[in-house]
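See structure below.
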Amino acid sequence: MEQEKILVLDFGGQYNQLIARRVRELHVYAEVEPYTLPVDEIKKRGYKGIIFTGGPNSVYGEAALDYDPALLQLGIPMLGICYGAQLMAHGLGGKVATAPTSEYGHTDVQRIGDSRLLDKVSSETVAWMSHTDYIEEPPAGFVVTAKTAACPVAAMECPEKGFYATQFHPEVMHTKEGRKVLKAFVIDICGCHGDWEMGSFVERSIREIREKVGDGKVLCALSGGVDSSVAAVLLSKAVGKQLTCVFVDQGLLRKDEGDQVEAVFGPDGPYDLNFIRVNVQQRFYDKLAGVTEPEKKRKIIGEEFIRVFEEEAKKIGAVDFLVQGTIYPDVIESGLGDSAVIKSHHNVGGLPDHVDFKEIIEPLRMLFKDEVRKAGLELGIPDYLVYRQPFPGPGLAIRIIGEVNEERIRIVQEADAIYREEIEAYDDGKFAKTLGQYFAALTNMRSVGVMGDFRTYDYAVALRAVETSDFMTASAAQIPWDLLMKITNRIINEVDHVNRVMYDCTSKPPGTIELE
């Protein structure tokens, strides 16, 4: 990447990718790297600014993650967030201690005096806090620019040296004026102009893929979802008939989805692709039998996917490259350096140690979901495909709590189809457009019910709908009660072995969007 860029230095925080996402919203390229990235490498890449992320550790504890002190001599503006702020204070001679009162959630913040970082922020605002330690005394040369009732240093800065810090999280949507804070740092302080555009990314990617592939053969893992669809069309633009798309119907898709994917990408669809559909439902059911732990499900599905692709590649003959629709959140959530693994994505953390291909091509690896959609539009993919509902790579296996089997898959397929049908029909489709994602999941809870004159002992279905702009944070949507009642009645009456329907009101964080 030749454009101006910001480094997000990861200290194990759960919001690391969200920080990068927010910077990119300002049309400035940002990338996440582990805190161990050598200073010489940082200097060589020419970053315009560095952001220290949050993290679960204490700066004075034995497990503290620390930066190379030489970083502070680079003359690059730096912003510390939460743990990153405490780390900056600790390393520069300030005092960090256990807070008398921990703060978590929405917190009233009061600005103090002048501030380059908080220049556009209101004198009183609301921010998202998540900490048990706090900065008790700032380092020499720093001025305190914000406080809360329980936190004397909610923000501080030393403009002369280019050091800035916030105890709160400006990247989280719950921080009312967080965008203003990040814009002040990235644009005003770091001097970025905003040259990160999707059109140039697509052109550059096509050129680089052609150079990499040469006259080799390419196999694309096509699921029919947004990410793999964009990857497939991008590769088709680059290498044409050298590409073969393999669609694995593993029996974990939404109702009728396998046929829908084939209708779009198969021989009768609008794209001139070499398309192969592989039906291996029972193979996956057998592998998942008795497995209940979500991470183990993901690993099993990931390995089995790769093995199926290898088998298909051998039938085609001498395939050099495997293409996957991996995107940036997949990479980061699957673990980066000492970051916590939120979940292993079947096309990242689920990869086996040995893969029988010369190389894996992941053209969307550095993009967030909305950037993938923009790339799809640049490639001429129709809106209805680009904006279709997100669906996890491991499929319904992670929308089923507990063991996966044919009966439980059928239950969640039917319930989900009813849910999506009613959501999309409500208010002439206007309500559905306000939602980021909505789906039904099957819990492992069974309870007593009464249907007709008979006692039942059946499953509970959980409905989920969220409002989100980035899928990094989300709020539970407020579904109209009449709509919720209609959906509930239909599911209970039309789906066998379901006698109870629940609605998940959890935001992200603390929950995830998926229910696994």
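The values are calculated or read from the model by the stated rules, or taken from the named source; none is laboratory data. A quick note: this is a predicted structure, and the numbers were derived from the prediction, not measured. Backbone-built Cβ (ideal geometry, glycine too); neighbour counts: all protein chains shown. For the accessible areas, the whole protein counts, side chains as well, though only heavy atoms, and no ligand, DNA or RNA atoms are used. Shrake-Rupley method; radii C 1.70, N 1.55, O 1.52, S 1.80 Å.
General remarks:
- Neighbourhood net charge (12 Å Cβ-Cβ; Lys/Arg +1, Asp/Glu -1) for T443: +2
- Counting all C-alpha pairs of the stretch 79-142, share separated by more than 13 Å (%): 68 percent
- Within the chain: Cβ-based charge dipole about Cα centre, in debye rounded to nearest 20 (Lys, Arg +1; Asp, Glu -1): 280 debye
- Which of A221, L273, Q250, positive extreme of dipole for the stretch 202-323 (C-beta unit charges): A221
- Per-residue SASA entry for S123, accessible area with 1.4 Å probe, Å² rounded to 10: 80 Å²
- Compactness index (Cα Rg / 2.2 N^0.38 Å), the stretch 108-244: 1.61
- Between the stretch 271-319 and the stretch 378-451, the alpha-carbon center distance in angstrom: 22 Å
- Packing rank of 398-410, 476-488, where each peptide gets the mean count of other beta carbons within 10 Å, highest leading: 398-410, 476-488
- Entries of K212/K237; K369/K430; K44/K161; K183/K237; K95/K120 with Cα pairs more than 25 Å apart: K183/K237; K95/K120
- In the chain, the longest principal axis of the Cα atoms and the axis of helix 369-378 are about 70 degrees apart.
- The stretch 133-203 versus the stretch 69-115: alpha-carbon centroid distance in Å: 10 Å
- Percentage relative contact order, the stretch 10-128, counting C-alpha pairs under 8 Å, at least six apart: 21 percent
- Relative contact order for the stretch 131-176: 26 percent, from Cα pairs under 8 Å spaced at least 6 residues apart, divided by residue count.
- Computed helical MRE - 222 nm, the chain, DSSP H runs ≥ 4 contributing -39500 (n - 2.57), nearest 500: -9000 deg cm²/dmol
- Solvent-accessible ranking of S236, S469, largest area first, probe 1.4 Å: S469, S236
- Percentage, to the nearest whole number, of Cα pairs in the chain over 36 Å apart: 38 percent
- Other residues whose C-beta falls under 14 angstrom from the C-beta of P77 contribute a net charge of +1, scoring Lys and Arg +1 and Asp and Glu -1.
- The three principal axes of the C-alpha atoms in the stretch 55-188 carry coordinate ranges of 35, 33, 24 Å, sorted with the longest axis first.
- Across all C-alpha atoms in the stretch 354-466, the radius of gyration and Dmax reach 18.7, 63 Å.
- Mean-position separation - Cα centroids, the stretch 452-483 and the stretch 213-247, in angstrom: 35 Å
- Here the relative contact order of the stretch 357-436, from alpha carbon pairs under 8 Å that lie six or more residues apart, stands at 14 percent.
- Packing-based ranking, highest mean first, of 88-94, 441-447, 461-467, 163-169 given that Cβ atoms within 10 Å are counted: 163-169, 461-467, 88-94, 441-447
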